[in-house]
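Each remark here refers to the structure printed beneath this line.
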Amino acid sequence: MIELKNFIHLTPDERMMVLTWRNDALVRSFMYTDELISSDNHESFIDSLPQRKDKRYFLVYKNSAPIGVIDLVDIRDNTASLGLYANPFSDRKGIGRIILRALIRYAYENLHLSTLRVECFGENEKAKNLYEKFDFIETKRRVKNNRPIICMELHREHWNA
């Protein structure tokens, strides 16, 4: 069973766990900002979320075990950009598929969005392949922080739930 726990409802222990995951070297390597995040900055960010209508962050549980983090940002005009990362300390296979499916379902069924956007670094073949398995289509390429970025989209009518 999959459960999405909104960041604004995280316990102090869950908040620290998410910070530890986000500061993991592997997770940071696939983020636009790869600096370590301080505890104060992390707490301030989570505390700001109840006032934000353009962002949603969730800790994902499967069978009561925390398996990853998903987010929707720039939510507006029936579109949003998504992000995700798996628990870097888990050896479970297939977490990316599980959390991406949960994120898409939430976006389309709860927020009634029509288009989802995602970006990944050009060298992150694993992420690109995952998005393609969910029928995301490459729309363009660009460069950010001197790294190639692949931009992709999924339109609601092309998603096979």
Next on the checklist: Six or more apart or on different chains, Cβ atoms under 8 Å: show the pairs whose first residue is in segment 10-26 and more than 18 Å from Ser48 (Cα to Cα) and whose second is part of a helix (DSSP H, G or I).
Outcome noted: Trp21/Val27
Checklist entry - For segment 1-85, which strands (runs of 3 or more DSSP E) that fit wholly inside it have 1 or more residues that are among the small types (Gly, Ala, Ser) and surrounded by 14 or more Cβ atoms within 10 Å (Cβ to Cβ)? => result 65-76
Next on the checklist: I need the full set of residues from segment 123-161 which are under 15 Å from Gly83 (Cα atoms) and among the basic types (Lys, Arg), in order please.
Outcome noted: Lys126, Lys128
Next on the checklist: If I go through segment 117-128 residue by residue, how many of them are over 17 Å from Thr79 (Cα atoms) and either surrounded by 12 or more Cβ atoms within 10 Å (Cβ to Cβ) or hydroxyl-bearing (Ser, Thr, Tyr) (or both)?
Outcome noted: 7
Checklist entry - Can you find a residue in segment 109-116 that is surrounded by 13 or more Cβ atoms within 10 Å (Cβ to Cβ), outside any loop (DSSP other than H, G, I, E, B) and of a type outside the set (A, V, I, L, M, F, W, C)? => result yes
Checklist entry - Looking at (1) over 22 Å from Val27 (Cα atoms); (2) aromatic (Phe, Trp, Tyr); (3) crowded, with 18+ Cβ neighbours inside 10 Å, which is the only condition Trp159 fails? => result (3)
Item to check | Complete set of residues in segment 138-161 that are touching a Phe, Trp or Tyr at 6+ places or on another chain (Cβ under 9 Å), under 26 Å from Leu4 (Cα atoms) and part of a strand (DSSP E or B) | outcome: Met152, Glu153, Leu154
Checklist outcome for this item: The lone condition Arg52 fails out of (1) touching a residue at least 24 places away in the same chain (Cβ under 8 Å); (2) farther than 21 Å from Asn23 by Cβ is (1)
Checklist entry - Can you name every residue in segment 140-152 that is among the charged types (D, E, K, R) and either surrounded by 18 or more Cβ atoms within 10 Å (Cβ to Cβ) or free of Cβ contacts under 8 Å to residues at least 12 places away in the same chain (or both)? => result Lys140, Arg142
Checklist entry - Among the residues of segment 71-95 satisfying the criterion of being at pLDDT 95 or above and hydroxyl-bearing (Ser, Thr, Tyr), which is nearest to the chain's Cα centre (by Cα)? => result Tyr85
Checklist outcome for this item: Cβ pairs under 7 Å, 6+ apart or interchain, first in segment 70-86 and within 16 Å of Phe136 (Cα to Cα), second surrounded by fewer than 16 Cβ atoms within 10 Å (Cβ to Cβ) and small (Gly, Ala, Ser), ordered by first then second residue, are Thr79/Ser114
Checklist entry - With Arg52, Arg15, Arg28 as the choices, which residue is modelled with pLDDT of 95 or more and over 27 Å from His112 (Cα atoms)? => result Arg15
Checklist outcome for this item: Screening Ile98, Ile137 for residues that are surrounded by 15 or more Cβ atoms within 10 Å (Cβ to Cβ), at pLDDT 95 or above and not acidic (Asp, Glu) leaves only Ile98
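The values are calculated or read from the model by the stated rules, or taken from the named source; none is laboratory data. Remember, it's a predicted structure, so these values are computed and weren't measured experimentally. Methodologically, a virtual Cβ is constructed for each residue, glycine included, from the backbone with ideal geometry; neighbour enumeration extends over all protein chains shown.
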